[in-house]
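Colleague: The structure under discussion is supplied below as structure tokens; questions concerning it will follow.
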Amino acid sequence: MEKFPVINLANINGEEKKATLEQIEDACQNWGFFELVNHGIPHELLDRVERLTKEHYRKCMEKRFNEAVGSKGLERVQDELKDMDWESTFFLRHLPTSNISEIPDLTEEYRDAMKEFAEKLEKLAEELLDMLCENLGLEKGYLKRAFYGSRGPNFGTKVANYPACPKPELVKGLRAHTDAGGIILLLQDDKVSGLQLLKDGKWVDVPPMRHSIVVNLGDQIEVISNGKYKSVEHRVIARSDGTRMSVASFYNPGSDAVIYPAPPLLEKEAKETEVVYPKFVFEDYMKLYATLKFQPKEPRFQAFNALNSS
């Protein structure tokens, strides 16, 4: 099996820039996922976010999760559960406006840490989008502008814990799906694994690594790149050996952003590929995605192509 791509950003602005961009290009074309080290986010901040997320789960979420499991009688289930996920989650919105102050049960220390973390991740996401632009032959800032809409991008964080599961063979932590949005940056547990991606028809583990940020591409990058980069199906398997933490931040287009393949790529690749992806308003795509998240992405694209040609 090829080795999961781990990319060191330490010299992205130095003599290693060309080699680093080539590694990112290979990961985007062949994996849809990669893991970043030396990404510029202080390790102390990552440790603080991890500690506070785990504390918050134990104090505020764990009892609720166990009660929900008990009320549904899930511990007595004998057959595979295909319509639920073994996860405990809450969501934070950062852009265009933050809701962190409105989320109940968060300590001030946790709120402050997540605000600081979100600022660092937003900067890293935009730097990564410019690296993708460079690799795709698009002008700097193209993807950020494509995502902008009238109010700027949507940026939010899904904070999840995947508790130890007594019957991991009967339920997924999170069922297989591609991500609908733009670029996703994940701080994951460095001890308990579970995230897997589908590569060449096989499920491959995304290795837990301390202080790394895992990056994956969403459906919107596939559309704008006209399929040169693909969003990749992934899932979380349930584990019996511990609770897995996941803090996934989604840098997505603004709700009214109009998404379509970048014209320079259509001109460049007209002879190479017949696939032309649809044009749509991001909010409309999300409405469709909400009903079809755990199904293949291709019918979503086809639905908009059919709409555009009618």
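The values are calculated or read from the model by the stated rules, or taken from the named source; none is laboratory data. The model shown is predicted, which means the values in this text are computed figures rather than measured ones. Here Cβ is always computed from backbone atoms with ideal geometry, including for glycine, and neighbour counts include all displayed protein chains. Protein only, heavy atoms only, side chains kept; ligands, DNA and RNA dropped before computing areas. Shrake-Rupley method; radii C 1.70, N 1.55, O 1.52, S 1.80 Å.
Colleague: Given Phe91, Phe117, which one is assigned to a helix (DSSP H, G or I), in contact (Cβ under 8 Å) with a residue 60 or more places away in the chain and of a type outside the set (Asp, Glu)? Spell out the reasoning first.
Modeller: On the way: Phe91 fails: assigned to a helix (DSSP H, G or I).
On inspection, the qualifying residue turns out to be Phe117.
Colleague: Filter segment 158-172 down to residues that are buried (at least 16 other Cβ atoms within 10 Å of the Cβ) and part of a loop (DSSP other than H, G, I, E, B) and give me whichever is modelled with the highest pLDDT.
Modeller: Pro163
Colleague: Only one of (1) modelled with pLDDT under 95; (2) not in a helix (DSSP H, G or I) fails for Gly70. Which number is that?
Modeller: Only one criterion is unmet by Gly70, namely (2).
Colleague: Could we say that Ala290 is exposed (fewer than 14 other Cβ atoms within 10 Å of the Cβ) and closer than 30 Å to Pro207 by Cα here?
Modeller: When the stated conditions are applied, Ala290 passes them.
Colleague: Can you confirm whether segment 79-86 contains a residue that is aliphatic (A, V, I, L, M), surrounded by 11 or more Cβ atoms within 10 Å (Cβ to Cβ) and not in a loop (DSSP other than H, G, I, E, B)?
Modeller: Within segment 79-86 (the criterion being aliphatic (A, V, I, L, M), surrounded by 11 or more Cβ atoms within 10 Å (Cβ to Cβ) and not in a loop (DSSP other than H, G, I, E, B)), the answer is no, since none of the residues qualifies.
Colleague: Which of (1) assigned to a strand (DSSP E or B); (2) open to solvent by 10 Å² or more (accessible area, probe 1.4 Å) is the odd one out, the single condition Leu106 does not satisfy?
Modeller: Of everything listed in (1) assigned to a strand (DSSP E or B); (2) open to solvent by 10 Å² or more (accessible area, probe 1.4 Å), Leu106 misses just condition (1).
Colleague: Now a separate question. Please go through (1) of a type outside the set (Phe, Trp, Tyr); (2) farther than 22 Å from His211 by Cβ; (3) open to solvent by 20 Å² or more (accessible area, probe 1.4 Å) for Glu55 and return the number of the only condition it doesn't satisfy.
Modeller: It is condition (2) that Glu55 fails.
Colleague: Moving on. When the residues of segment 7-23 are filtered to those that are within 20 Å of Ile41 (Cα to Cα) and among the small types (Gly, Ala, Ser), which remaining residue is least open to solvent (accessible area, probe 1.4 Å)?
Modeller: Across segment 7-23, the extreme among qualifying residues is Gly14.
Colleague: Give the residues of segment 189-206 that are more than 19 Å from Lys3 (Cα to Cα) and either open to solvent by 10 Å² or more (accessible area, probe 1.4 Å) or assigned to a strand (DSSP E or B) (or both), sorted by residue number. Break it down stepwise before answering.
Modeller: First pass over segment 189-206, keeping only residues more than 19 Å from Lys3 (Cα to Cα): 189, 191-192.
If the condition is that a residue be more than 19 Å from Lys3 (Cα to Cα) and either open to solvent by 10 Å² or more (accessible area, probe 1.4 Å) or assigned to a strand (DSSP E or B) (or both), then Lys191, Val192 are the ones that fit.
Colleague: For segment 31-41, which residues satisfy the criterion of being surrounded by fewer than 19 Cβ atoms within 10 Å (Cβ to Cβ) and in contact (Cβ under 8 Å) with a residue 60 or more places away in the chain?
Modeller: Within segment 31-41, the subset surrounded by fewer than 19 Cβ atoms within 10 Å (Cβ to Cβ) is 37-38, 40.
Those that are surrounded by fewer than 19 Cβ atoms within 10 Å (Cβ to Cβ) and in contact (Cβ under 8 Å) with a residue 60 or more places away in the chain: Val37, Gly40.
Colleague: Could you check, for segment 109-123, whether at least one of its residues is over 20 Å from Ala180 (Cβ atoms), at pLDDT below 95 and among the aromatic types (Phe, Trp, Tyr)?
Modeller: Within segment 109-123, none of the residues are over 20 Å from Ala180 (Cβ atoms), at pLDDT below 95 and among the aromatic types (Phe, Trp, Tyr).
Colleague: In the list Glu62, Glu44, which residue meets the criterion of being surrounded by 13 or more Cβ atoms within 10 Å (Cβ to Cβ) and assigned to a helix (DSSP H, G or I)? Outline the logic, then answer.
Modeller: Working: Glu44 fails: surrounded by 13 or more Cβ atoms within 10 Å (Cβ to Cβ).
Unique residue meeting the criteria: Glu62.
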